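The values are calculated or read from the model by the stated rules, or taken from the named source; none is laboratory data. Note that the coordinates shown come from a computational prediction; the quantities given were computed from them, not determined experimentally. Virtual Cβ from ideal backbone geometry, glycine too; neighbours counted across all protein chains shown.
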Amino acid sequence: MTVLVTGGAGFIGSNFIFHQLEAHPEDRIVCLDKLTYAGNLSTLQSVMDHPSFRFVKADICDREAVDRLFEEEHPDIVVNFAAESHVDRSIENPGIFLETNIMGTAALMDACRKFGVTRFHQVSTDEVYGDLPLDRPDLLFTETTPLHTSSPYSSSKAGADLLVMAYYRTYHLPCTISRCSNNYGPYQFPEKLIPLMIANALNDKPLPVYGEGKNVRDWLYVEDHCKAIDLIIRKGRVGEVYNIGGHNEMANIDIVRLICRELGKPESLITYVGDRKGHDLRYAIDPAKIHGELGWLPETMFADGIRKTIRWYLDHKSWWEEIISGEYQTYYERMYGNR
Ligand code: NAD
Ligand code: TDX
């Protein structure tokens with residue numbers, strides 16, 4: 001079987017490729033990635049010469065390039081990770097989010113219709129459900145929670161989800177969607193909370209916490225997300241949405257404090273900065289459906305996962321130091337300079 005993974009040079013996509021090559025050595029994996037600022041070929045270095053792996057640099061919005069690849073590879077399964085993924089960047093400049101996340105998903109699905117696939121899987125996010133209040137721990141997102149987005153990023157992801165369901169209903173394209181909570185782990189781009197705080201703490205730089213740091217996210221170790229997607233594409237029912245999360249809610253400030261403790265850095269590095277516009281208060285996933293139907297459960301406890309992640313960033317300084325020494329500096333200054 002050939003599995004086409006889009007966005008595989010990014011954080012979750014690369015972890016998914018490593019997992020697939022290990023768990024399904026009989027399958028061929030083709031990665032299509034535009035290599036935007038968030039895509040990094042060095043991440044895939046260890047598999048570039050793998051006999052069952054091929055990398056192709058292309059944009060999912062480029063219909064000619066996508067069709068050419070489908071003609072060559074005839075993928076059985078397509079897993080779409082390719083996206084603009086950072087909420088703060090979407091607030092600054094929504095256009096590219098609409099382009100890649102919505103138009104790109106449509107271009108991929110049109111190729112799937114044209115060439116035929118057994119599955120198109122859309123990697124979505126819990127952010128499509130909007131947010132939950134901080135004082136109602138009993139409320140969780142289920143697959144039937146209405147879509148109610150806050151940011152241009154989450155709106156573009158919700159737009160793509162609606163389109164996927166439309167392609168399922170109208171054209172009977174065999175689709176599935178997964179909506180996962182916040183991921184953490186190796187190879188996450190250092191613009192996101194956990195790697196940003198680790199990198200800054202290691203460089204004794206201020207740790208910029210938005211607002212009062214009380215916003216809550218539901219954290220899942222990236223490998224557990226990859227295992228869930230693997231189950232969905234092989235055993236999940238077409239036309240279904242599956243929520244993925246591990247009941248691990250934490251306030252941002254508690255994560256940042258924990259990182260300080262683990263690295264032996266003083267909490268005086270913590271700096272409260274201006275809040276994110278439209279900042280979602282709390283995300284919390286109810287994963288009962290994927291557990292009941294597919295038997296998925298998270299395997300990595302947060303206490304272990306965060307230690308492994310910190311260890312990884314300590315052992316792979318050259319990977320992230322190279323990133324933060326480049327264009328990232330301009331981004332950081334723009335985003336945090338006058339905050
Ligand atoms: P990322 O930003 O680390 O990686 C995105 C990858 O997509 C990069 O390699 C980039 O080069 C590629 N890409 C971007 N635009 C492209 C285009 N037009 N054509 C081809 N490739 C393109 O993102 P991530 O954190 O790994 O997220 C992957 C997916 O998972 C996204 O769809 C995101 O919405 C979703 N998701 C992420 C999280 C999370 O916590 N990170 C949680 C839930 C869902
Ligand atoms: O410097 C920071 N300071 C801070 O307080 C950054 C970068 C973030 N934060 C806060 C904002 C959020 O409440 O930390 C929380 C997590 O922020 P991000 O890492 O930017 O993630 P989030 O906005 O929750 O979105 C992530 O999870 C869902 C991914 O980026 C999305 O792609 C995914 O869909």
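A few points about this structure:
- Residue match in the stretch 127-149 (condition: charged (D, E, K, R), closer than 19 Å to residue 62 by Cα and modelled with pLDDT of 95 or more): no
- Residue list for the stretch 130-160, filter: farther than 20 Å from residue 82 by Cα and not in a loop (DSSP other than H, G, I, E, B): 132, 141
- The one condition from (1) more than 16 Å from ligand 1 (Cβ to nearest atom); (2) assigned to a helix (DSSP H, G or I); (3) over 26 Å from residue 319 (Cβ atoms) that residue 201 does not meet is (3).
For every residue, the table says whether it meets (1) within 30 Å of residue 35 (Cα to Cα); (2) at pLDDT 95 or above; (3) of a type in the set (Ser, Thr, Tyr); (4) assigned to a helix (DSSP H, G or I).
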{"position": "271", "(1), (2), (3), (4)": "no, yes, yes, no"}
{"position": "303", "(1), (2), (3), (4)": "no, yes, no, yes"}
{"position": "311", "(1), (2), (3), (4)": "yes, yes, no, yes"}
{"position": "339", "(1), (2), (3), (4)": "yes, no, no, no"}
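- Close Cβ contacts (under 8 Å, 6 or more residues apart or on different chains) running from residues in the stretch 129-144 that are under 22 Å from residue 165 (Cβ atoms) to residues that are part of a strand (DSSP E or B) and among the polar types (S, T, N, Q) comprise 141/243; 142/243; 143/243.
- No other residue among 262, 249 is out of contact with any Leu (no Cβ under 9 Å at 6 or more places or on another chain) and farther than 20 Å from residue 134 by Cβ apart from 262.
- Residue pairs whose Cβ atoms lie under 8 Å apart, sitting 6 or more positions apart in sequence or on different chains, and linking a residue in the stretch 36-59 that is more than 15 Å from residue 4 (Cα to Cα) to a partner that is of a type in the set (Asp, Glu) and outside any loop (DSSP other than H, G, I, E, B), are 39/33; 42/322.
- Scan of the stretch 106-129 for residues that are away from ligand 1 (no atom under 15 Å from the Cβ) and either assigned to a loop (DSSP other than H, G, I, E, B) or charged (D, E, K, R) (or both), ordered by number: 113, 114, 116, 117, 118, 119
- Boolean, residue 171 is more than 15 Å from ligand 2 (Cβ to nearest atom) and either modelled with pLDDT of 95 or more or not aromatic (Phe, Trp, Tyr) (or both): yes
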